[in-house]
Amino acid sequence: MKRYSVFAVAREALRHHTGWERAWRSPEPKKKYDAIIVGAGGHGLATAYYLGVNHGIRNVAILEKGWLGGGNTGRNTTIIRSNYLQDPSAAIYEKARSLYETMSQDLNMNVMFSPRGLIMLAQTHHEVRGYQRTAHANSLQGVETQFISREKVKELVPIINLDGPRYPVLGGLLQKRGGTARHDAVAWGYARACSAMGMDVIQKCEVTGVRTEGGKVVGVSTNKGDIDCDKLGMVVAGHTSVLAEMAGFRLPIESVALQALVSEPIKPGMDVVVMANTVHGYMSQSDKGEMVIGGGTDGFNNYTQRGSFHHIEETVRALNETFPMISRLKMLRQWGGIVDMTGDRSPILSKTPVDGIFVNCGWGTGGFKAIPGSGWAMAELMAKGHSPLTEEFNMYRFREGKFIDESVAAGVAH
Ligand SMILES: Cc1cc2nc3c(=O)[nH]c(=O)nc-3n(C[C@H](O)[C@H](O)[C@H](O)COP(=O)(O)OP(=O)(O)OC[C@H]3O[C@@H](n4cnc5c(N)ncnc54)[C@H](O)[C@@H]3O)c2cc1C
């Protein structure tokens with residue numbers, strides 16, 4: 001793999017960009033791999049990457065039914081934070097956030113990580129207490145957050161309206177090293193690094209069946225034929241229940257549409273990410289100048305990547321009262337993705353009833369931020385059979401009642 005660098009850009013500029021090589025190969029599948037990962041979203045690609053880098057397992061294929069990053073990884077609003085309440089969540093999200101800090105250097109791909117700061121607005125007394133509690137929990141967990149006053153919110157976000165018609169802003173939970181990154185670049189960076197290690201990233205390869213013998217996985221059936229493997233990682237977000245059914249087990253996952261929209265580009269106006277969970281909407285400004293806006297999930301299960309119209313209206317209404325200046329903006333486009341929701345709003349990283357099959361899902365509305373940490377932990381689980389970061393996220397917690405309740409931190413936002 002030729003390294004990307006300022007010298008490479010200068011060299012290619014001189015020779016009219018004729019020397020760039022393809023970022024990853026497009027191979028045909030081999031007969032057998034040590035491990036197959038289904039799903040070339042961020043979590044699947046990161047799992048494969050850390051299998052290679054941390055555990056030396058490189059005879060790996062990543063199978064993707066569409067194009068890589070074409071699922072939720074390329075559809076999200078790119079918010080990164082680790083201000084969760086429960087210890088297991090803070091551990092895995094903070095691991096991920098810290099890996100984002102050096103991801104561009106580690107992958108030799110500029111993922112445009114921008115730790116510009118993130119504020120979750122407190123707009124009721126209940127929220128004030130909730131976020132103060134989270135700030136205390138975070139300080140014990142080693143996650144740097146602080147509860148700030150409404151005056152400080154205004155200082156950081158001059159375009160905000162502190163006294164909206166429904167809920168005044170009473171303060172906010174600030175994570176200074178939270179922010180955003182370029183979602184496609186995260187997928188591309190991992191794919192390029194996996195391909196450079198000799199792994200096969202195979203697009204347009206849909207898994208249509210899971211083959212088992214005597215309770216153990218032996219391979220998958222795909223539209224490109226049968227492929228054998230010793231270990232199988234299912235990392236398919238909203239399609240997890242479909243894959244699990246192929247392997248003969250069920251998971252407590254609901255698949256629902258979540259949508260986002262962006263405005264026309266404007267001059268820089270807001271250099272932090274702001275989330276308003278009570279009125280329900282959140283917003284950041286992209287490097288292109290567009291205001292990136294996210295809302296809530298549909299209230300019913302579905303597999304359409306669009307989302308219902310009333311959510312657009314509700315989200316824009318919520319943000320209009322929080323940032324009145326956006327009422328004069330035109331919206332450029334809207335899109336949706338299918339997110340995988342668990343009952344306690346925490347992910348599942350787990351062994352399954354089938355020997356050799358592992359599952360990584362349930363990241364719901366907030367898994368982009370977790371990609372590197374999740375890949376790191378899932379790779380350890382697949383390589384060694386256990387990982388300190390995944391222990392409490394096993395699928396059997398729902399049977400045993402050991403929930404990791406993140407409904408406040410994750411249930412209504414990202
Ligand atoms: C509108 C929206 C906004 C969001 N905003 C944020 C945010 O701001 N911050 C945040 O942290 N998170 C956010 N999220 C959530 C985040 O995008 C997801 O949690 C994360 O991207 C999930 O990544 P993944 O790799 O698990 O899944 P995906 O990226 O969806 O990848 C799964 C892949 O599996 C493939 N696949 C499915 N079935 C098969 C099959 N049978 N065979 C082969 N391949 C298959 C799919 O094609 C897909 O590419 C948002 C999501 C949406 C939809």
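State whether one or more residues within region 171-178 are of a type in the set (S, T, N, Q) and open to solvent by 10 Å² or more (accessible area, probe 1.4 Å). No, region 171-178 contains no residue that is of a type in the set (S, T, N, Q) and open to solvent by 10 Å² or more (accessible area, probe 1.4 Å). In the set (1) out of contact with any strand residue (DSSP E or B) (no Cβ under 8 Å at 6 or more places or on another chain); (2) part of a helix (DSSP H, G or I); (3) of a type outside the set (D, E, K, R); (4) more than 22 Å from Val236 (Cβ to Cβ), Gly373 fails one condition alone, (4). May I ask you to say which residue of Asp287, Asp271 is open to solvent by 10 Å² or more (accessible area, probe 1.4 Å), within 21 Å of Lys330 (Cβ to Cβ) and either in contact (Cβ under 8 Å) with a residue 60 or more places away in the chain or within 11 Å of the ligand (Cβ to nearest atom) (or both)? Residue meeting the stated conditions: Asp287. Number of residues in region 172-198 that are more than 29 Å from Asn138 (Cβ to Cβ) and over 22 Å from the mean Cα position of the chain (by Cα): the value is 3. For region 33-60, residues that are of a type in the set (S, T, N, Q), within 22 Å of the chain's Cα centre (by Cα) and more than 19 Å from His386 (Cβ to Cβ) total 0.
Condition test on Phe323, is it at pLDDT 95 or above, more than 10 Å from the ligand (Cβ to nearest atom), under 25 Å from Arg182 (Cα atoms) and among the aromatic types (Phe, Trp, Tyr)?
Yes; evaluated as a whole, the condition is true for this residue.
Table: residues versus (1) away from the ligand (no atom under 16 Å from the Cβ); (2) buried (at least 21 other Cβ atoms within 10 Å of the Cβ); (3) hydrophobic (A, V, I, L, M, F, W, C); (4) more than 21 Å from Ile202 (Cβ to Cβ).
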position: Ala13; (1), (2), (3), (4): yes, no, yes, yes
position: Ser26; (1), (2), (3), (4): no, no, no, no
position: Lys31; (1), (2), (3), (4): yes, no, no, no
position: Ile62; (1), (2), (3), (4): no, yes, yes, no
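Of the numbered criteria (1) farther than 20 Å from Phe323 by Cα; (2) open to solvent by 70 Å² or more (accessible area, probe 1.4 Å); (3) out of contact with any Ser or Thr (no Cβ under 9 Å at 6 or more places or on another chain), the one Lys154 fails is (1). Against the definition (open to solvent by 30 Å² or more (accessible area, probe 1.4 Å), in a strand (DSSP E or B) and touching a strand residue (DSSP E or B) at 6+ places or on another chain (Cβ under 8 Å)), how does Asp230 come out, yes or no? Here the answer is yes, as Asp230 does meet what is asked.
Within region 202-217, the set of residues being touching a residue at least 60 places away in the same chain (Cβ under 8 Å) and within 16 Å of Met246 (Cβ to Cβ) comprises Cys205, Glu206, Val207, Val210, Thr212, Gly215, Lys216, Val217.
Touching a residue at least 24 places away in the same chain (Cβ under 8 Å), away from the ligand (no atom under 16 Å from the Cβ), more than 30 Å from Gly299 (Cβ to Cβ) and hydrophobic (A, V, I, L, M, F, W, C): does that describe Ala383? Spelling it out, Ala383 is indeed touching a residue at least 24 places away in the same chain (Cβ under 8 Å), away from the ligand (no atom under 16 Å from the Cβ), more than 30 Å from Gly299 (Cβ to Cβ) and hydrophobic (A, V, I, L, M, F, W, C). So if I check each of Gly117, Gly142, Gly164, Gly74, which one is open to solvent by less than 10 Å² (accessible area, probe 1.4 Å) and not β-branched (Val, Ile, Thr)? Criteria check complete, one pass: Gly117. Any residue in region 86-99 that is surrounded by fewer than 18 Cβ atoms within 10 Å (Cβ to Cβ), at pLDDT 95 or above and among the β-branched types (Val, Ile, Thr)? No, that holds for no residue. One residue stands out in region 244-255 among those that are open to solvent by 10 Å² or more (accessible area, probe 1.4 Å) and within 15 Å of the ligand (Cβ to nearest atom): the one that is nearest to Gln334 (Cα to Cα), namely Glu254.
The values are calculated or read from the model by the stated rules, or taken from the named source; none is laboratory data. These numbers were taken from a predicted model, which means no experiment stands behind them. Every residue, glycine as well, gets a Cβ built from its backbone with ideal geometry; the counts of neighbours run over all protein chains shown. Remember, those area values only see protein heavy atoms, side chains included, never the ligands or the DNA or RNA. Shrake-Rupley method; radii C 1.70, N 1.55, O 1.52, S 1.80 Å.
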